[in-house]
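Notes to accompany the following structure.
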Amino acid sequence: FCQSILHTVFPPEFRFASLKFLHRVFHWFSVYCYYDITEIDGVNTNELYNAVQLYLSTSASISGTRLSLMRGLNSSSITFGLSNNDRLVDSYNGAAVEWEHIVTQRQSQTFSWRPLPEERRGFTLRVKKKDKQVILDSYLDFVMEKANEIRRKNQDRLLYTNSRGGSLDSRGHPWESVPFKHPSTFETLAIDPVKKAEIMDDLVDFANGESFYKRTGRAWKRGYLLYGPPGTGKSSMIAAMANFLGYDIYDLELTEVNTNSELRKLLMKTTSKSIIVIEDIDCSINLTNRNTTGGGGGGGGGGGGRRNNYDTASHGHGIDDGGNSITLSGLLNFTDGLWSCCGSEKIFLFTTNHIEKLDPALLRSGRMDMHIHMSYCSFPAMKILLKNYLGFQENDLQKELLEELKGEIDDAEMTPADISEVLIKNRRDKNRAVEELLVEFKNRVVIKRRKSKESNGDEIEDEEQEKRALDTPTDASDQLQETCNKNGCDDNDDHDKFD
Ligand SMILES: Nc1ncnc2c1ncn2[C@@H]1O[C@H](COP(=O)(O)OP(=O)(O)OP(=O)(O)O)[C@@H](O)[C@H]1O
């Protein structure tokens, strides 16, 4: 009744104007000011809304009474969120702020026999007017930063690929992604412990080096070149680095990129805190010499299929072959030019089995800052494999046996992949695993010696005689055999008995 009287007496324009006036008066006298952060900003998703939601999830888990629980796609953990129309008080640099999660129903504009209800979501931030500047200047940046940190911690890493050959997805993105689940870590990686520590220190310095890079005027990026024979753990090292730093990986397939500008666009679409990998770079593009013309396309990689029109003649000048080729110059700019600085905290990582095939320009500091040689398995690296695969500690093995393994391993030139294979095959019988490893070492040494004699044109010894000489069991392997015979090598619990 009152409403109809009001509506009759006061025209809508008058009601609207008085409401506006009341609102203003309220704001003049209120000590607070309010900011609305809606989920949808026009047609785009508001990044700040998602960030606030994530940021509040940590505080909400502690102080909230009614929470909504979420588990995102690819995420390995559950996050908490404020329930509809719930409030939470936070503080920043002595200023108290209040967040309210506002969810309202709205009628859809769709023409349908039944209007579809739709939720309009947003956060309202309430701060005292005197704290307004602090909040606007740094609190919201702090929220964004914290949210990114939480996202990285909660979300499994992503492995991106450009293997679609330049086509874009529905959101105009050239990269496709899958959850990155590689279990390799620096603990499982069998390389020399000194080298391992050096690499880890370098990575830590890089990740914590924001102020250093700013101070020295350098782009916050670092290049690593991993080189060495196949099976020495180059891919495992990349995975270990990504897991160590919590970075995403962009696996760039150069053979799928047609032009330098396409390469640049791919780079622009990579995010910060990521590792951009080009595996087997010597197979992907001919990089022997910037100044030589022609030159055969280099190597047999590329996974079969389309090859690029590599323009070796124009490498030095960065000119595309009619705009339709990728050049060494383009690649150098990719790693070192102005565009390489879009985003920050990026690692460029190239792998190759043939470092000698690469152009020196690609290897210089600033592009490839650290050259990491992934070598055949050394004795300290083998001990890591024995520990990881068989559970052997150094003291579990007889000293003589260890010495014997140590004496043979360098000459045997076995990769960690080869050694792992022997250990996996015999993992039910640890003693047999070690024994077979020793035999394998000796066989490799024989083969290597024969090959070197052949190449030197020397007379080849009687094979059997040579093998016998090397196979003659030493004290340690005698003892090992004896222990095996006594305890029975099939016994799974042989470790203690052997000990
Ligand atoms: N250093 C290592 N530490 C632990 N495991 C290793 C190591 N090297 C190789 N392996 C094992 O061997 C397998 C192959 O290794 P990986 O693919 O990392 O070698 P790679 O050097 O990248 O080889 P390629 O050059 O052929 O790509 C891995 O699955 C891993 O289990």
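What to note about this one:
- Cα centroid separation - the range 219-249 against the range 344-398, whole Å: 9
- Distance from the alpha carbon centroid of the range 125-159 to that of the range 18-33 works out to 28 angstrom.
- Rounded to whole numbers, the Karplus 3J(HN,Hα) couplings from phi for the range 137-152 are 6, 9, 5, 5, 5, 4, 4, 4, 5, 4, 4, 4, 4, 5, 4, 5 Hz, using 6.51 cos²θ - 1.76 cosθ + 1.60 with θ = phi - 60°, and x at Gly and Pro.
- For the range 436-444, the Karplus equation 6.51 cos²θ - 1.76 cosθ + 1.60, evaluated at θ = phi - 60°, returns couplings of 5, 4, 5, 4, 4, 4, 5, 4, 5 Hz by residue, with Gly and Pro reported as x.
- Ordering Val434, Val204, Val422 from the fewest to the most neighbouring beta carbons within 10 Å gives Val204, Val422, Val434.
- In order along the range 235-246, the phi-based Karplus estimate (6.51 cos²θ - 1.76 cosθ + 1.60, θ = phi - 60°) of 3J(HN,Hα) comes to 5, 4, 5, 4, 5, 5, 5, 5, 5, 5, 8, x Hz; Gly and Pro are listed as x.
- Spacing of the two label points (7 Å from each Cα toward its C-beta) at Ser177 and Asp137, in nm: 3.4
- Unsatisfied cross-links (Cα-Cα over 20 Å) in the set Lys146/Lys273; Lys234/Lys442; Lys181/Lys221; Lys234/Lys430; Lys195/Lys387; Lys20/Lys132: Lys234/Lys442; Lys181/Lys221; Lys234/Lys430; Lys20/Lys132
- Ordering Asp411, Asp359, Asp396 from the fewest to the most neighbouring beta carbons within 10 Å gives Asp411, Asp396, Asp359.
- Candidate lysines for bridging to Lys453, where Cα separation is under 16 Å - those fewer than 8 sequence places away on the same chain excluded: Lys467
- A cut-off of 5 Å between modelled amide H atoms, ignoring neighbours fewer than 5 places along the same chain, links Tyr92 with Val97.
- Separation of the range 191-215 from the range 431-458 is 38 Å, based on Cα centroids.
- Between His371 and Val9, full extension at 0.36 nm per residue minus the direct alpha carbon distance yields a gain of 121.9 nm.
Only the coordinates and a few stated rules stand behind these numbers; no lab work does. Model, not experiment: these values are computed from the prediction. As a convention, Cβ positions derive from the backbone with ideal geometry for all residues, glycine included, and neighbour counts pool all protein chains shown.
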